[in-house]
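A.B. asks: Here it is: the structure, laid out below.
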Amino acid sequence: MADVRFTTFEAKNKLLLPKTALFPYQEGEAVWVVRGGKAFIQGVIRGMENDSQVLIEGGLTAGDLVIRDPNIAGLKEGKRIAETV
């Protein structure tokens, strides 16, 4: 008998988002963020991923409010967004 431990990947202090939040933008990818009650496009650098989530290596900081569905009808930069948590 043996004790076994499998660690496939471990990252500390990183942001993890659902893949569905990202969309193609310019030469890379982006997400919609809410700042000051308005929607803005924020470019991101994508890292490791699994079937449903992606690690964000750059472009966002802890506390940024990300809109999970980039396909919401009428979503555009500067549009007022209700901030709900």
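No value in this document is a laboratory result; all are computed from the given coordinates. Being a predicted model, the structure only gives us computed values, none of them experimental. All Cβ positions, glycine included, derive from the backbone under ideal geometry; neighbour counts span all protein chains shown.
A.B. asks: Under 14 Å from the Cβ of residue 28, count the other residues' Cβ atoms, weight Lys and Arg +1, Asp and Glu -1, and hand me the total. Walk me through the numbers before you get to the answer.
C.D. replies: Numbers: positive: 46; negative: 27, 29, 57.
Overall, the nearby charge balance is -2.
A.B. asks: Oh, and also: Could you tally the net charge around residue 39, taking each other residue with its Cβ under 9 Å from the Cβ of residue 39, Lys/Arg +1 and Asp/Glu -1?
C.D. replies: Working: positive: 35, 38, 76, 79, 80; negative: 77.
For residues surrounding residue 39, the net value is +4.
A.B. asks: Under 11 Å from the Cβ of residue 17, count the other residues' Cβ atoms, weight Lys and Arg +1, Asp and Glu -1, and hand me the total. Let's see the in-between values first.
C.D. replies: Values: positive: 14, 19, 46, 68; negative: 29, 49, 64.
That sum, taken over residues with Cβ under 11 Å, equals +1.
A.B. asks: Stretch residue 11-residue 35 to full length: gain in nm at 0.36 nm per residue minus the Cα-Cα span? Don't jump to the answer; show the numbers that get you there.
C.D. replies: Details: separation 24, 0.36 × 24 = 8.64 nm, distance 2.67 nm.
Computed gain between residue 11 and residue 35 is 6.0 nm.
A.B. asks: Using θ = phi - 60° and the Karplus relation 6.51 cos²θ - 1.76 cosθ + 1.60, list the HN-Hα couplings for the range 51-68 in order, rounded to whole Hz, with x at every Gly or Pro.
C.D. replies: Using θ = phi - 60°, the values come out as 5, 10, 10, 9, 7, 9, 8, x, x, 10, 10, 4, x, 4, 8, 10, 7, 5 Hz.
A.B. asks: Next question. Residues with amide H under 5 Å of residue 79's amide H, sequence separation 5 or more or different chain, H placed in the peptide plane at 1.01 Å from N; which?
C.D. replies: Counting only residues 5 or more places away or on other chains, the set is 39.
A.B. asks: Ok, one more. So what are the three principal axis dimensions of the chain from its Cα atoms, in whole Å, longest to shortest?
C.D. replies: That works out to 60, 30, 21 Å along the principal axes.
A.B. asks: Let me ask something else. 5 Å is the cut-off here: which amide hydrogens, built 1.01 Å from N in the peptide plane, fall below it relative to residue 54, excluding neighbours closer than 5 in sequence?
C.D. replies: Result for residue 54 returns 17, 19.
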